[in-house]
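Below is one structure, written out as structure tokens; the observations come after it.
Every read-out reported here was derived from the displayed coordinates using simple, explicitly stated rules and does not represent laboratory data. Quick caveat: nothing in here was measured; it's all calculated off a predicted structure. Here the Cβ positions follow ideal geometry from the backbone for every residue, glycine too, while neighbour counts run over all protein chains shown.
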Amino acid sequence: MLHPRLVRIHARLWTTASPAWRIRSVSSSHGQSASLPRRRLLPALLLLGLAPVCYTIHLDSAPLDSPVARDDTHDLSLTALIRTYAVYSMCSIPALVDNAPLLLDLSATIPGVRWLAEAFVRATFFKQFVGGDTVQDTLPVLHKLRAANTGTLLAYSVEVDEKEALRAYGPGSRTPLSTPHKHIVQEMLHCVDVVADFEDALEMKQDRKTWVAIKLSALLPDAHALTRLSAHLVATRPPPYSSLGRLPSEHTIPFPGCAHPADLGVLMPTNHQTPPPSTTPDLALTPTDLAALYTLYQDLRRICTQARARGVRIIVDGEYSWCQPAIDALVKGLMREFNKPGEGGVQPLVYGTYQGYLRRTPAQLARDLHDAREGGYALGVKLVRGAYRAYEVAAHESRSLSISPDPIPPVHLTKRETDACYDECVHLMLGAVAKDLGATTGTKTTPPPPPPPPTVGVLFGTHNWKSCDLVLEELVRLGLASKSSGTNPRILIPEPVTARVALAQLYGMCDDLTAHLVALTDTRTGPSSQESPSGHSGSPLVLKYLPYGALAEVMPYLARRAVENRGVLSAGETGGASGGIGQSGQGGARGERRRAARALRRRVWAALGWSNDTTST
């Protein structure tokens with residue numbers, strides 16, 4: 001049965017459209033024409049044709065279980081709301097998502113269709129999830145986010161297409177990828193300058209919250225050199241940094257192990273002509289590999305040197321487990337050089353990514369915290385759940401790309417295990433932050449001025465409401481934050497804490513969660529307990545991961561966003577087993593679609609002069 005308001009809509013449409021037919025029936029008595037001008041009939045028929053769409057939006061606008069009680073869509077245009085609803089509706093169709101790459105490939109072979117397909121993707125998925133074609137194109141988005149007290153993690157989103165990698169490449173492949181890696185290195189240097197100029201113009205005295213993310217596999221002529229270096233490191237690391245050939249115990253770290261301070265010795269130029277031997281010929285390092293990896297490390301040092309001079313943090317993204325040992329080694333080498341307390345500027349400067357779906361992560365974090373203390377450098381951590389679970393399981397079962405010696409995949413097999421691992425890491429990292437600041441458990445004291453130089457920093461990347469609640473609750477419990485008084489208490493977080501702790505969500509996703517976190521917290525500039533009236537007095541606590549790049553370059557990223565949202569949707573309201581920066585805890589694509597539908601309904605009701613009987617999202 002139609003909703004009563006929809007019945008009234010049909011009645012109004014009928015009233016608008018029916019005179020043409022009424023006049024036709026009585027024209028003989030009035031001497032009028034047999035019909036009115038068709039220009040009155042066409043809009044009426046169009047509105048009647050849209051009625052099923054309106055009814056679908058009405059059904060999608062049912063009340064949500066989201067705990068947020070504020071409207072985060074008030075500043076969105078009607079076009080943006082329609083786009084959001086359309087994008088997440090398409091993510092709800094498994095067959096469409098799974099076959100999207102094939103459909104795009106086919107469209108590229110048909111004259112005229114390719115242009116239409118690219119125009120469609122640009123108007124929908126690109127505008128929803130990407131900041132622009134160039135870093136300059138993202139500046140309006142950066143300004144808009146900062147006006148909402150939200151920082152940005154900016155990423156030149158060039159990545160390998162996962163399905164193409166599984167299909168076309170194997171562990172022994174020597175086929176170089178077509179990525180113009182040197183151009184990307186120059187783009188990273190340019191991005192650092194643009195980000196620094198943006199922050200300089202803001203004249204913020206607090207911690208600068210526009211950071212740059214980099215993906216190492218895009219900076220090599222052959223990304224599989226990372227796999228071959230990883231195989232070598234896993235085979236040669238001493239315990240407890242690797243579990244290869246050893247029984248699992250509390251003294252070993254599951255695959256892919258943990259970076260060792262001596263890992264990068266193999267990349268020194270003296271070894272380039274005599275690569276180390278390998279028991280697996282397909283995974284043997286070549287002189288070309290060693291030279292390319294050494295050049296990569298020098299390029300990374302150039303990027304970090306410029307980032308240090310300009311005060312911009314560098315976040316190294318996580319990748320597949322068969323690349324991760326090499327990435328971990330390179331990141332640890334950068335941290336040991338650039339995260340020294342006496343280096344000046346922002347600290348930690350370099351962050352590595354730790355994936356909660358990997359079974360190794362709690363032990364890896366504990367070991368890396370220990371090594372950072374022993375080595376006298378700051379540990380930077382981006383903690384996510386992980387984005388490649390399906391491919392990890394497939395690669396392990398087929399033995400196509402995986403280099404794990406274990407009988408089970410390196411990832412947790414259930415969402416519950418991944419959630420438990422993520423929560424364990426949250427406790428571990430915030431405990432390290434409390435120790436770094438000297439906070440006392442169970443009190444509401446603020447860190448004593450002047451705060452010590454940071455020796456640890458953590459960015460919690462998650463779309464999960466429970467995980468965000470856990471982070472805020474732990475900040476209060478550990479004395480790193482306090483609650484204000486009043487009917488709408490907020491969580492007061494002093495600047496020394498926001499210099500060490502941040503949360504992040506992907507651009508175009510979970511904007512209600514982002515708005516909720518910004519509204520709930522007050523990042524103060526000083527130790528005083530007085531609440532800022534604007535709530536924008538300090539450095540942003542929350543960031544958005546904002547990719548940019550030409551449409552052709554970001555297509556693999558957009559395909560992954562669609563697959564993630566489809567997977568989360570099919571898993572129900574608690575989210576799926578994988579996620580980009582973190583899994584959704586409020587229904588994934590379904591929740592995003594319903595939020596857009598509720599906002600569209602409010603706009604239509606307001607335009608018709610009717611009151612809205614739904615609670616705001």
Exercise. Which one of L492, L233, L413 has its Cα pushed farthest toward the positive end of the charge dipole of the range 131-548, where Lys and Arg give +1 and Asp and Glu give -1 at the Cβ?
Worked result: L492
Problem set entry | Per-pair calculated FRET efficiency, R0 = 30 Å: T236 and A420 via Cβ, rounded to 0.05 | 0.40
For this session: May I ask you to sort M429, M90 by Cβ crowding, counting other Cβ atoms within 10 Å and putting the fewest first?
Result: M90, M429
Seminar exercise, completed: Final fewest-first order of V393, V97, V312 on the 10 Å Cβ neighbour count is V393, V97, V312
Problem set entry | Spin-label model distance (nm) - A309 vs D137, 7 Å beyond Cα toward Cβ | 2.9
Exercise. FRET efficiency for A519 and L96, Cβ-Cβ distance as r, R0 = 45 Å, nearest 0.05?
Worked result: 0.80
Problem set entry | Cα centroid of the range 359-428 to Cα centroid of the range 74-97, whole Å | 32
For this session: Work out how much length A552 to R122 would gain on full extension: take 0.36 nm times their residue separation and subtract the Cα-Cα distance, in nm to one decimal.
Result: 153.8 nm
Exercise. Too long at a 27 Å Cα-Cα cut-off: which of K215/K332; K435/K466; K144/K415; K340/K466?
Worked result: K144/K415; K340/K466
For this session: Give me the number: length gained by fully extending M268 to V476, i.e. 0.36 nm times residue separation minus the C-alpha to C-alpha distance, one decimal in nm.
Result: 70.2 nm
Exercise. How much length, in nm to one decimal, is gained on full extension between E397 and K144, taken as 0.36 nm per residue of separation minus their Cα-Cα distance?
Worked result: 86.6 nm
For this session: Taking H placed 1.01 Å from N in the peptide plane, check which residues at least 5 places from L543 or on another chain put their amide H under 5 Å from its amide H.
Result: G151, L503, A504, Q505
For this session: Take each of the peptides 215-225, 468-478, average the number of other beta-carbon atoms within 10 Å over its residues, and list them starting from the highest.
Result: 215-225, 468-478
Problem set entry | the range 131-548: antiparallel DSSP beta bridges as a percent of all, rounded to 5 | 10
Problem set entry | Long-range amide H partners of V458 with built H, under 5 Å | V381, V501, A502
For this session: For a footprinting-style exposure proxy, rank E417, E553, E392 by other Cβ within 10 Å, fewest first.
Result: E417, E553, E392
Exercise. Can you pull out the trypsin sites (Lys or Arg not before Pro) in the range 370-445 that DSSP calls coil and that have at most 16 other Cβ atoms within 10 Å?
Worked result: R399, K444
